[in-house]
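The values are calculated or read from the model by the stated rules, or taken from the named source; none is laboratory data. Please read all numbers here as calculations on a predicted model, not as lab measurements. Quick reminder, even Gly has a Cβ in these numbers, built from the backbone with ideal geometry, and neighbours come from all protein chains shown.
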Amino acid sequence: MLCKNTPNVTFKTRVRDDSIDGPNPFRWENKTTADYFSGKKVILFSLPGAFTPTCSTYQLPDFEKLFDEFSAEGIDDIACVSVNDAFVMNAWGKSQNIDNITLIPDGSGEFTRKMGMLVCKDNLGFGMRSWRYAAIVDDGVVTHWFEEPGFEDNCESDPYGESSPQNILETLKAA
């Protein structure tokens, strides 16, 4: 079984603040890896980018739909990290009507790089992005790892299956 600590990173997030007037009532807030993973059992999944087809059609919506089933298996939170900034992640969550998934903006790719999952996707015009993977993280320690095959820069395909919520849920139920 994999036992790897999640890297210590500070994420630049935007959070709603009702004390701010106007059409954009958000303020900057730094969140750390500990804020997201300490003292909790979390499913972390990563994807190449917000608003992309597989991510928006299957991966994010299916995690949202299966949230209650994951909770029944002892999961406290489900977090999605992507090499996108806070503005993009917030807009994507709003457009997808996400209520149960924590969206983590890894704008600089630092977390993704330290997880060893940063890949070049110049062939798609994306630049540096995350390879698609998921993990079960228990109090900051990765206990289960689900990585899509074919990890490489400028991969011609976008595999999806290992990191699907259905596969992770099946693993949890079998434990």
| said: F51 - would you say it is in a helix (DSSP H, G or I) and either touching a residue at least 40 places away in the same chain (Cβ under 8 Å) or not polar (S, T, N, Q) (or both)? | reply: no
| What are the residues in the stretch 90-107 that are among the small types (G, A, S) and in contact (Cβ under 8 Å) with a residue 12 or more places away in the chain, if any? | A91, S95, G107
| request: Could you grab me the full set of residues in the stretch 121-134 that are closer than 20 Å to S108 by Cβ and either in a loop (DSSP other than H, G, I, E, B) or under 16 Å from the mean Cα position of the chain (by Cα) (or both)? | output: K121, G125, F126, G127, M128, R129, S130, W131, R132, Y133
| request: May I ask you to verify whether T32 is loosely packed, with under 14 Cβ neighbours inside 10 Å, in contact with a Ser or Thr (Cβ under 8 Å, 6 or more places away or on another chain), under 20 Å from G140 (Cα atoms) and modelled with pLDDT of 95 or more? | output: yes
| request: For V141, indicate whether it is in contact with a strand residue (DSSP E or B) (Cβ under 9 Å, 6 or more places away or on another chain), touching a residue at least 60 places away in the same chain (Cβ under 8 Å) and of a type in the set (V, I, T). | output: yes
| request: Select from the stretch 87-118 the residues that are of a type in the set (S, T, Y) and farther than 26 Å from P23 by Cα and write down the one among them that is surrounded by the most Cβ atoms within 10 Å (Cβ to Cβ). | output: T112
| remark: All conditions in (1) at positive phi; (2) in contact (Cβ under 8 Å) with a residue 40 or more places away in the chain are true of G125 except (2)
| request: Examine the stretch 155-173 for a residue that is more than 21 Å from A72 (Cα to Cα), free of Cβ contacts under 8 Å to residues at least 60 places away in the same chain, part of a strand (DSSP E or B) and among the polar types (S, T, N, Q), and state whether such a residue exists. | output: no
| field | Whichever residue in the stretch 35-53 is surrounded by fewer than 16 Cβ atoms within 10 Å (Cβ to Cβ) and out of contact with any Gly (no Cβ under 7 Å at 6 or more places or on another chain) and, among such residues, is nearest to E170 (Cα to Cα) | value | K40
| Within the stretch 79-86, is there a residue that is surrounded by fewer than 16 Cβ atoms within 10 Å (Cβ to Cβ) and touching a residue at least 24 places away in the same chain (Cβ under 8 Å)? | no
| request: Determine, yes or no, whether S19 is polar (S, T, N, Q) and assigned to a loop (DSSP other than H, G, I, E, B). | output: yes
| request: With respect to T102, determine if the residue is part of a helix (DSSP H, G or I) and either under 13 Å from the mean Cα position of the chain (by Cα) or hydroxyl-bearing (S, T, Y) (or both). | output: no
| said: Exactly one condition in (1) touching a Gly at 6+ places or on another chain (Cβ under 7 Å); (2) closer than 24 Å to N5 by Cβ; (3) of a type outside the set (A, V, I, L, M, F, W, C) is false for N30; which is it? | reply: (1)
| Conditions (1) free of Cβ contacts under 8 Å to residues at least 12 places away in the same chain; (2) part of a loop (DSSP other than H, G, I, E, B); number of the one not met by D68 | (2)
